[in-house]
Amino acid sequence: MQLLDIPTSDSGPAEIVRFVVKLVFLYFFVSRLKDSVLKFLGGSGIKASASHILVSSEAQCQALKRELDAGADFGELAKKHSKCPSGKSGGHLGSFSPGSMVRNCVFHYATES
């Protein structure tokens, strides 16, 4: 599974919009994740934990981003809106260490030193 399907010159506008939405969401997610990751770094036991909210449309993504920016609780939004089973636990995906995630995944880079 690829994290991002990069559009080609043959891609239509809808594919390009989906790609941009993924990039915006990943940027937002990584900026939120960075501080959490830094708290787990140290010694030889580098670890990180992650949470996410899986939605099916750009509109849902943008609406949730606005709610988060306004101070909404991430876990509560995940429980209410996520299409992933992890939504039941507030979107929590668990903890992981270097090498436990596939390369080229945002979570893999979170544990690289």
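The values are calculated or read from the model by the stated rules, or taken from the named source; none is laboratory data. On a predicted model such as this, the values are computed, not experimentally measured, just so you know. Positions of Cβ are backbone-derived with ideal geometry, glycine not excepted, and every protein chain shown enters the neighbour counts.
Summary table below
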{"quantity": "The stretch 52-65, residues that are in a helix (DSSP H, G or I) and either more than 21 Å from K22 (Cβ to Cβ) or among the small types (G, A, S) (or both)", "calculated": "A59, A63"}
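Residue by residue, here is whether (1) under 26 Å from F19 (Cβ atoms); (2) at pLDDT 90 or above; (3) touching an Asp or Glu at 6+ places or on another chain (Cβ under 7 Å) holds:
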residue	(1), (2), (3)
I46	no, no, no
A50	yes, no, no
E67	yes, yes, no
G71	no, yes, no
L77	yes, yes, yes
G90	no, yes, no
